[in-house]
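Novice: Submitted below is the structure of interest, expressed as structure tokens.
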């Protein structure tokens, strides 16, 4: 899923939001209270750990993986609703959006709707268009993303074929 960056101009400490809207095996939901947290289920991440901290909400110690796949009928747990709401709010005011390794497939209608309603449409008539950075090794995917976002960003697009190249461009 996209990496979302929103810089608040004119502040000494700009705010950057990094939102991972699709769950994967490092998202976990507390079995006791349903709160969401990062958790590593793979044994290679546990090499030096003897225990994991309990849930910050209920002190529970049992967690189950949360997976939200980019599918047409997206179902995500209540605990991820806040992340999607935060993304919608950030997209509305973002002056730069960076998409890393996600291609906005046509079948992921929920993700497309989020960006269409909260980033593309609000910026169509804007005098100051936001910037778009696309980081994807596949040129075809980069072109698809650029054309989809073009009405909102009006050519303010930077593209990178690797995350390393993107990071080098930040310096």
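The values are calculated or read from the model by the stated rules, or taken from the named source; none is laboratory data. What you see is a predicted model; the values in this text were computed from it and never measured. Positions of Cβ are generated from backbone atoms using ideal geometry, with glycine treated the same way; all protein chains shown enter the neighbour counts.
Novice: From 101, 60, 125, 93, which residue is outside the structural domain of residue 137 (by TED's automatic domain parsing) and at pLDDT 80 or above? Even if it seems obvious, please write down each step before you answer.
Specialist: Working: 101 fails: outside the structural domain of residue 137 (by TED's automatic domain parsing); 125 fails: outside the structural domain of residue 137 (by TED's automatic domain parsing); 93 fails: outside the structural domain of residue 137 (by TED's automatic domain parsing).
From the options 101, 60, 125, 93, the qualifying one is 60.
Novice: Among the residues of the range 156-171, which ones are touching a helix residue (DSSP H, G or I) at 6+ places or on another chain (Cβ under 9 Å) and either modelled with pLDDT under 85 or assigned to a strand (DSSP E or B) (or both)?
Specialist: Those that are touching a helix residue (DSSP H, G or I) at 6+ places or on another chain (Cβ under 9 Å) and either modelled with pLDDT under 85 or assigned to a strand (DSSP E or B) (or both): 157, 158, 159, 160.
Novice: Please give the number of the condition residue 104 fails out of (1) in a helix (DSSP H, G or I); (2) at positive phi.
Specialist: Unmet condition: (1).
Novice: If you go through the range 72-80 one residue at a time, do you hit one that is at pLDDT 90 or above, within 30 Å of residue 33 (Cα to Cα), out of contact with any strand residue (DSSP E or B) (no Cβ under 9 Å at 6 or more places or on another chain) and not in a strand (DSSP E or B)?
Specialist: No, the range 72-80 contains no residue that is at pLDDT 90 or above, within 30 Å of residue 33 (Cα to Cα), out of contact with any strand residue (DSSP E or B) (no Cβ under 9 Å at 6 or more places or on another chain) and not in a strand (DSSP E or B).
Novice: From the list 151, 65, 122, pick out the single residue that is more than 28 Å from residue 37 (Cβ to Cβ) and surrounded by fewer than 15 Cβ atoms within 10 Å (Cβ to Cβ).
Specialist: Exactly one of 151, 65, 122 is more than 28 Å from residue 37 (Cβ to Cβ) and surrounded by fewer than 15 Cβ atoms within 10 Å (Cβ to Cβ), namely 151.
Novice: Which numbered condition in (1) more than 13 Å from the chain's Cα centre (by Cα); (2) crowded, with 18+ Cβ neighbours inside 10 Å is the only one that residue 80 fails?
Specialist: Result: residue 80 passes all but (1).
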